[in-house]
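Have a look at the structure below, then the notes.
The numbers here are math on the coordinates, done by the rules we state, and not lab data. These numbers were taken from a predicted model, which means no experiment stands behind them. Ideal geometry is used to build each Cβ from the backbone, glycine not excepted, and the neighbour counts take in all protein chains shown.
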Amino acid sequence: MIETPPSPEVEEIFDEANGHVALGELAESIPLFRQCVELQPGFFDGWHALGMALLKNEQVTEAIGAGLMATTLRPNDLLAWTALSQMYVRNKQIAEAEDAKSKARILSLGGKVVKDQ
């Protein structure tokens, strides 16, 4: 899957979802983040935000799925790998957490997980 910038419609929904997050209304933000990625599956920020909202709302298995989508869309994103590692830790998947953490470490040192084609 290829990363795509948000359409104006998706951007508006994303902003509304982030408004809910700012007010501590995670449960209200989750359906809106889901709508963003349903309308635009290549929207990295939507997947990342959905994963974090789900994680904070204790929906860890679903959060991991969103985190994996984020790292698929942007494999050299430090924050995405760090978040995925946290999701795996919360789910007690230690080997997977360590793998994601090692990828984040590579990126933090200026390396790449996936070389440019």
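General remarks:
- Set side by side, the residues 26, 68, 55 differ, and just one is surrounded by fewer than 22 Cβ atoms within 10 Å (Cβ to Cβ), over 19 Å from residue 4 (Cα atoms) and out of contact with any His (no Cβ under 6 Å at 6 or more places or on another chain), which is 26.
- Members of region 1-11 that are surrounded by fewer than 13 Cβ atoms within 10 Å (Cβ to Cβ) and farther than 15 Å from residue 69 by Cβ: 5, 8, 9
- Residues of region 12-29 satisfying the condition of being touching an Asp or Glu at 6+ places or on another chain (Cβ under 9 Å) and closer than 18 Å to residue 69 by Cβ: 14, 17, 29
This table checks each residue for (1) over 26 Å from residue 20 (Cα atoms); (2) in contact (Cβ under 8 Å) with a residue 24 or more places away in the chain; (3) not hydrophobic (A, V, I, L, M, F, W, C).
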{"position": "39", "(1), (2), (3)": "no, yes, no"}
{"position": "70", "(1), (2), (3)": "no, yes, no"}
{"position": "81", "(1), (2), (3)": "no, yes, no"}
{"position": "97", "(1), (2), (3)": "yes, no, no"}
{"position": "104", "(1), (2), (3)": "yes, yes, no"}
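- Residue match in region 77-96 (condition: more than 20 Å from residue 61 (Cα to Cα) and of a type in the set (Lys, Arg)): no
- Close contacts from region 50-67, counting a first residue that is farther than 19 Å from residue 13 by Cβ and a second that is of a type in the set (S, T, N, Q) and assigned to a helix (DSSP H, G or I), with Cβ to Cβ under 7 Å and a gap of 6+ residues or different chains, come to 55/86.
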